[in-house]
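Worksheet: one structure, shown below.
Read-outs: derived from the displayed coordinates by stated rules, not from any lab. This structure is a prediction, so every number in the text was calculated from the model and none was measured. Cβ placement follows ideal geometry from the backbone for every residue including glycine, while neighbour counts extend to all protein chains displayed.
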Amino acid sequence: MTYSKNIIDNIFGGIRPASRALDKAATTIQGWYDSGTIPQKHWAGIISAAKVFNHSLSSEDFFPQQTTKLGSFGYPFNKIHCLSIGDFNRPDIETLLSLGEHYLDLNIQKNPNNRVLKGKTLINLFFENSTRTEKSFELAAKRLGADTISMQIASSSIKKGETLMDTAATLNAMNPDILVVRHSASGAPALLAQKVSCSVINAGDGMHEHPTQALLDALTIKSAFKKISGLRIAICGDILHSRVARSNVKLLNMLGAEVRLIGPKTLLPPEAKTWGVSVFNNMKEGLEDCDIVIMLRLQLERMSDALIPSKREYFHFYGLDKEKIAYTKKKTFVMHPGPMNRGVEISSEIADDEQISLIKKQVETGVAMRMGILHALSESQDNNK
Ligand code: CP
């Protein structure tokens, strides 16, 4: 039940009695009833009218979906951490995507806040740079009512030599509920999860995984196509160094997509053939009839050897431009997890074309998807206490 229905039915006894008690047209009340929301300018009047009916309301009662429980998504989600896509089964993933969808709708409303995480604390612990992931977790947590702290690594005791585990133990002693960790070492968040008593979210670990990126990518695709199963999806570029590719392959395979990997031999790990994907070294062949093209950043910072002849040559063979996009289906969408190297893996002409680029949509969806993930882990945490 939405909060507006709850107030109208359970406090005032229905639309007509609410119309009389609030001195508003019945059509206005009906509008609140149907939309599930009540504009903020009416809250004070409703709070004082409710007192006459012996009900004590506060502004907290006007946050959409405050009454939403994860159980209402139909599946008893019981995971405490989000470390790898492989830790989730299909119903877990469906639940997380449903929650993400729910927050996507809520986020476009004027007041998206609700209080699912009220009284909880989230700490962002990013040992590698981030714009999208760190900021979207901070925003998502705040929109759900949590207190958030982002550790400034450069000014922390890590710079005095404190180890990751000692830092984790120190933060754990402050009783956070959720730790969001990005680290250059594969497996660092999983190791940390064994040492702390709160939920740990992997925000990207080395070349291993970036599960929340895969979830937001899947939700972006689902929003665009209303399905994922049966779509042909190409992931192109620097697969070797990409945690995004590894998480996406696992998730998109689980959801029934046909996944293709495209890149030069030097940027494709030999074991990719065992991932349940088709592997291509040629963009024309790999992009044929694709519904979605996910371009990846060339991660020069992780390359110790020269794996490409030059950026210019790389763009010539593997950069997505108008000519190469013509190899795909007529109706194709392009994605990129960001940050982009324009003119290296993607042309500005493609990246900025709102008819085909979902790149901005991915960022918007990222906040909603992370709200869904935080909601699920938090409720699971409460249920396990
Ligand atoms: N996609 C992604 O992880 O971006 P950031 O590095 O900006 O967080």
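Could you work out how much longer the chain between Lys51 and Gln355 gets when fully extended? Use 0.36 nm per residue separation minus the Cα distance between them, nm to one decimal. Mind showing how you got there, number by number?
Values: separation 304, 0.36 × 304 = 109.44 nm, distance 5.16 nm.
Gain on stretching Lys51 to Gln355: 104.3 nm.
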Query raised in the report: In this model, which of Lys79/Lys250; Lys51/Lys79; Lys142/Lys385; Lys135/Lys273; Lys250/Lys331 are farther than 29 Å apart at the alpha-carbon?
Result: Lys51/Lys79; Lys135/Lys273
Report summary line: Interchain or sequence-distant (5+) residues whose placed amide H lies within less than 5 Å of the amide H of Glu258 are Gly230, Leu231, Arg232, Ile233
Query - Hydrodynamic radius (Kirkwood) for the stretch 3-62, which is based on Cα pairs only, to one decimal in Å - result: 11.1 Å
Query raised in the report: What residues qualify as long-range amide H neighbours of Ile201, i.e. H under 5 Å apart, gap of 5 or more or another chain, H built at 1.01 Å from N?
Result: Cys82, Leu179, Val180, Val181
Query raised in the report: Under a straight-distance cross-link criterion of Cα-Cα below 18 Å, which aspartates and glutamates are reachable from Lys227, leaving out those fewer than 8 residues away in the same chain?
Result: Asp92, Glu94, Glu101, Asp105, Asp217, Glu258, Asp289, Asp291
**Report entry** Distance from the stretch 147-162 to the stretch 253-290 (C-alpha centre basis), Å
**Finding:** 39 Å
Report task. Identify all lysines with a Cα-Cα distance to Lys330 below 17 Å; exclude those on the same chain that are fewer than 8 residues away in sequence. Result -> Lys284, Lys322
Query raised in the report: Relative contact order of the chain: what whole-number percent is it, with Cα pairs under 8 angstrom and at least 6 residues apart?
Result: 17 percent
Query raised in the report: Dimensions of the chain along principal axes (Cα, Å, largest first)?
Result: 77, 54, 34
Report task. Based on the mean of other Cβ atoms within 10 Å per residue, sort peptides 152-165, 221-234, 319-332 so the most packed one is first. Result -> 221-234, 319-332, 152-165
Query raised in the report: Roughly how large, in nm² to one decimal, is the mean projection of the convex hull of the alpha-carbon atoms in the stretch 211-296?
Result: 4.8 nm²
Report task. Along Cα→Cβ, 7 Å out, is where each label goes; now give me the distance between the ones at Lys284 and Ser150 in nm to one decimal. Result -> 4.5 nm
Query - Crossing angle, helix 243-254 versus the chain [Cα axis fit, 0-90 degrees, rounded to tens] - result: 70 degrees
Report task. Using packing as a proxy for protection, rank 37-50, 83-96, 286-299 so that the peptide with the highest average count of other Cβ atoms within 10 Å comes first. Result -> 286-299, 83-96, 37-50
Report summary line: Place a point 7 Å from the Cα of Met165 in the direction of its beta carbon; the residues of the stretch 191-211 whose amide N falls under 14 Å from it are 191-196
